[in-house]
Structure formats: structure tokens, C-alpha cells
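What follows is one structure encoded as C-alpha cells, with my remarks underneath.
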Amino acid sequence: MELEEPGDKIDRLVFQPEEDAILRVALDLCIYGILAQQDAAMTTGEVAKEAKADPVLMARILRNLAAFGHIDEVGADKFQANKFSRAFTTTKGISLAKFSFDFAAPAWRAIPAYLKSVQYMNPTDAMDAPVQQAFKSDKHFFGLLVETGILETFQTAMSFYREGRPEFLDIFPAEERLINGYDSSQGHDGVLLVDVGGGHGHDIQKFVEKIPAREGRLVLQDQEDVISQVSKSDVMEVMVHDFFTPQPLKGARAYYFRMIFHDWPDEQCLLILKHITPAMKPGYSKLLINDIVLPDVGASRFATQSDINMLALLAAMERSEAQWRQLLERAGLRVTKVWQGVPESVIEAEVAE
Ligand SMILES: C[S@@+](CC[C@H](N)C(=O)[O-])C[C@H]1O[C@@H](n2cnc3c(N)ncnc32)[C@H](O)[C@@H]1O
């Protein structure tokens with residue numbers, strides 16, 4: 001039930017960009033970190049001195065942050081960290097806030113003018129989305145990440161994005177569906193799981209923690225710029241691979257894609273799938289897609305936010321179960337089960353007979 005009054009909602013929403021801007025300033029000045037360093041409250045002067053900022057300006061910023069609940073005002077000129085400011089001292093909070101404010105928000109702001117310019121047609125060209133208008137560039141989102149110097153922040157944000165939410169192995173019974181039935185006869189060459197476009201490999205790390213006893217190689221694939229940032233590991237192989245080219249690892253037990261297909265319009269998804277299906281062994285290899293499956297009614301804020309984010313950054317979309325099934329069928333795949341989760345689900349598919 002909505003508790004907020006309509007007038008309050010208008011005030012909150014029209015001033016939202018201002019709150020975001022002060023949050024970004026607080027991160028630049030490490031205000032959340034400065035307050036979190038001690039249990040006692042701090043004065044404006046003390047915070048200003050540590051942050052190397054004008055005390056008059058700092059008083060205005062702290063007053064605003066306290067009014068919006070980012071920090072606590074515990075007395076006259078006394079400010080203290082709270083659970084929200086502490087959240088913005090974590091890697092997840094900092095990387096997500098920086099990525100959103102510095103990169104995504106300009107693209108979100110470009111949505112109205114962009115949609116007007118395309119006469120409100122649903123965008124399907126990844127080279128022509130609000131993000132290209134925002135950055136006045138003809139580069140694709142992933143190229144823009146490199147060009148704007150935000151790639152590492154983005155990958156860190158991705159690694160921590162799901163913290164505190166159910167993850168792949170909370171939804172998908174890997175022992176039952178992957179480990180059972182793994183073909184040991186392939187010896188050292190056998191591949192258990194390929195994480196395609198797996199970023200820094202956080203999902204494979206979690207796989208190893210959760211299933212320490214297993215057979216078969218675990219392989220992380222991503223673009224060169226990303227793979228070059230991944231530290232060496234005993235448990236995971238790393239491989240530069242462009243998923244718009246044929247998959248070089250044949251007959252793996254599973255090809256896992258987390259938050260990949262929602263980045264691309266249908267035609268590019270079909271191209272990616274076209275390069276993976278010839279590598280899949282019928283009746284053995286599984287395609288696992290870990291992405292949002294929109295419900296027919298009552299999509300969550302998180303899911304619809306993500307859908308519009310995909311529109312702005314990639315001319316892409318979140319999909320309903322019917323849309324997923326249709327897409328996979330077009331690529332010669334058969335959905336064997338949808339493991340429902342919130343916010344993301346796992347779609348399990350195999351080559352159609
Ligand atoms: C939204 S991120 C998801 C990363 C990871 N799977 C996760 O869930 O955290 C998309 C990933 O796709 C990778 N990517 C984009 N284009 C690619 C391509 N052509 N070939 C391989 N990886 C690509 C990006 O570098 C990025 O790591």
C-alpha cells in the first residue's frame with residue numbers, strides 16, 4: 001500500500017536529481033567514510049577539516065544529508081554515521097553509485113528526447129540508444145565503458161550487484177542438474193562450466209566455494225580488456241573470447257550466461273546463440289541463462305528499473321517467460337525448466353531434438 005501523499009511524492013521525485021548530486025559530492029569528499037571512522041558524532045568543522053572543504057559549504061551538505069536520512073544529526077552541529085551512510089562506504093555502494101551517477105544517469109536523462117526523436121518506436125539498435133545521444137558518440141555501450149574510463153568501476157559494480165540477494169546457486173540445484181551426469185570419461189579435457197561474459201569471475205568463485213568437490217574445468221570467458229584485469233587462479237581458467245564468434249570449447253556440461261542476453265536486442269541474442277549451439281552436445285550440454293524473467297503481472301521496481309536501464313544503455317530489454325521461450329526456440333533450443341528466483345531466475349535449455 002502506498003503511504004506517501006501525492007504532494008510529497010511530487011516533491012520527492014522532482015528533487016531526486018538534487019539528492020543524487022549531493023550523494024555524489026559526499027562520495028567525492030569521503031564524508032560517509034570520515035563519519036564511519038568513529039563511533040562518536042563529529043562537528044561540521046571536524047568533517048570539513050578532514051574532507052578539506054569550506055566549513056560553510058560542509059554545513060549545508062551535512063544538513064541536507066541528515067534531512068534525507070543518509071547520516072544522523074544527533075544534536076546541534078553533531079553528525080554521525082548510520083546504516084545508510086555505512087552502505088556507501090562498501091565497494092558495492094561506492095561502485096554502483098559512481099557508475100549510476102557518472103555513466104547511467106546521463107543516459108537516463110536522454111531518454112525523453114531520444115524517444116521523441118524515434119517517434120516512440122521501441123529501440124532495437126544497440127548502436128543507437130539514449131546512451132549514444134548522451135555521450136554524443138557512435139560507440140556501443142561496452143566501447144563507451146572503455147572510452148569514458150568507467151570499465152573497472154562497472155565490473156566492480158557487477159561483481160557486487162547481487163550482494164544480499166539470492167544468487168545462481170541459491171536458485172539452481174547444480175549438484176542434481178550438472179554434477180550428476182557429468183561425463184568423467186573426458187578426463188582432464190572435460191569442461192564442467194563455461195561462464196561466458198563472466199566479468200571478473202565472481203560466479204565461478206562462488207561455484208567453487210559452494211561445490212568444492214567436482215570434476216571438470218571451469219572456464220571464464222570475456223573480452224580482452226576485462227580478462228586482463230583478472231588475477232590468476234588455481235581453480236579457474238581464463239580465456240579471451242568474443243561471444244559473437246564460434247564457441248571454441250565444445251561439449252561442455254554447461255554454458256552459463258549471467259546478465260548477458262538482457263544486454264542485447266533479439267537479433268544480437270540470436271547471433272550469440274547461433275555461435276553457442278554448435279558447441280553444445282545434444283542431450284548432454286546445458287545452456288543456463290541467469291537473468292530476470294518478467295512476471296505476467298506485478299513486475300517489481302527492480303525488474304522494471306532494470307528494463308528501462310537496458311533501454312537507455314543498450315537498446316535492449318528484460319524479457320517475460322514467453323519472450324525467452326520464443327527467443328530460444330528461434331535458435332533451435334528447448335527450455336527444459338525455468339528455475340524461478342527474485343529478482344533473477346535461471347532458464348535451463350538444451351539443443352532441441
Ligand atoms: C552485464 S555484464 C555481466 C557480467 C557477468 N556475467 C555478471 O553477471 O556479473 C556483461 C559482460 O559481457 C561482457 N561482454 C560484452 N560484450 C562481449 C563480447 N562480445 N564477448 C564476450 N564478452 C562480452 C562484458 O565485458 C561484461 O563482462
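The values are calculated or read from the model by the stated rules, or taken from the named source; none is laboratory data. This one's a predicted model, so the numbers in the text were calculated from it and none came from an experiment. Here Cβ is always computed from backbone atoms with ideal geometry, including for glycine, and neighbour counts include all displayed protein chains. With ligands, DNA and RNA removed, areas are computed over all heavy atoms of the protein, side chains included. Shrake-Rupley method; radii C 1.70, N 1.55, O 1.52, S 1.80 Å.
What is the percent carbon and sulfur in the accessible area of the range 311-353, measuring with a 1.4 Å probe over the protein chains and ignoring ligands? That fraction is 48 percent.
Taking the C-alpha atoms only, the angle from helix 266-276 to the longest principal axis of the chain is near 50 degrees. Of the beta bridges in the chain, as assigned by DSSP with both residues counted there, near 45 percent are antiparallel.
Placing dummy labels 7 Å off each Cα toward the beta-carbon, the span from Lys78 to Thr148 is 4.2 nm. Only lysines eight or more places from Lys78 in sequence, or on another chain, were considered; those with a Cα closer than 24 Å are Lys49, Lys52. Around the Cα centre of the chain, unit charges on the Cβ atoms of Lys, Arg, Asp and Glu (plus for the first two, minus for the last two) sum to a dipole of about 200 debye. Translational diffusion of the chain was estimated from the Stokes-Einstein equation, with Rh taken as the Kirkwood radius over Cα pairs; at 25 °C and 0.890 mPa s the coefficient is 109 µm²/s. Would you give the gap between the C-alpha center of the range 246-280 and the C-alpha center of the range 196-235, rounded to a whole Å? Distance between centres, Cα-based: 17 Å. Pair-distance distribution P(r) for the range 110-204, from all Cα-Cα distances in 10 Å bins starting at 0: 12, 27, 25, 23, 11, 3 percent. Highest mobility in the GNM of the chain, judged by mean-square fluctuation with C-alpha springs under 10 Å and restricted to Val191, Val56, Val146, is found for Val56. On the range 91-160, 60 percent of the accessible area sits on carbon and sulfur atoms, based on a 1.4 Å probe. Note on Val25 and Phe101: the extension gain reaches 26.3 nm, defined as 0.36 nm multiplied by sequence separation minus the Cα-Cα distance.
Rolling a 1.4 Å probe across all protein chains gives Thr43 an accessible area of roughly 40 Å². Residues in the chain average 50 Å² of solvent-accessible surface per residue, probe 1.4 Å, ligands and nucleic acids excluded. Counted over all Cα-Cα pairs of the range 91-160, pairs farther apart than 13 Å make up 64 percent. Counted by Cβ distance under 9 Å from Gly201, the other residues give a net charge of -3, where Lys and Arg count +1 and Asp and Glu count -1. By the Cα gyration tensor, the range 295-353 has an equivalent ellipsoid whose semi-axes, rounded to whole angstrom, run 23, 14, 9 from largest to smallest. In the range 1-138, a dipole from Cβ-located charges (positive for Lys and Arg, negative for Asp and Glu) runs towards its positive end, and of Ala113, Ala48, Pro130 it is Ala48 whose Cα lies farthest in that direction. For the options Met239, Met42, Met310, a Gaussian network treatment of the chain with springs between C-alpha atoms closer than 10 Å singles out Met42 as fluctuating the most. Per-residue ellipticity at 222 nm computed for the chain from its helices equals -11500 deg cm²/dmol, with DSSP H segments shorter than 4 residues left out and the rest contributing -39,500 (n - 2.57). Relative to its Kirkwood radius, the Cα radius of gyration of the range 6-87 gives an Rg/Rh of 0.98. With 22 Å as the limit on Cα-Cα distance, the pairs of Lys250/Lys274; Lys206/Lys286; Lys92/Lys337 that go past it are Lys92/Lys337. Relative to the 2.2 N^0.38 Å rule of thumb, the range 168-351 has a C-alpha radius of gyration ratio of 0.99. Structure remark: mean-square fluctuation, Gaussian network model of the chain, C-alpha springs under 10 Å; the largest value among Glu18, Glu147, Glu321 belongs to Glu18.
Note on the range 168-351: dipole from Cβ charges, positive end direction compared against Gln186, Ala279, Gln326; the farthest Cα belongs to Gln186.
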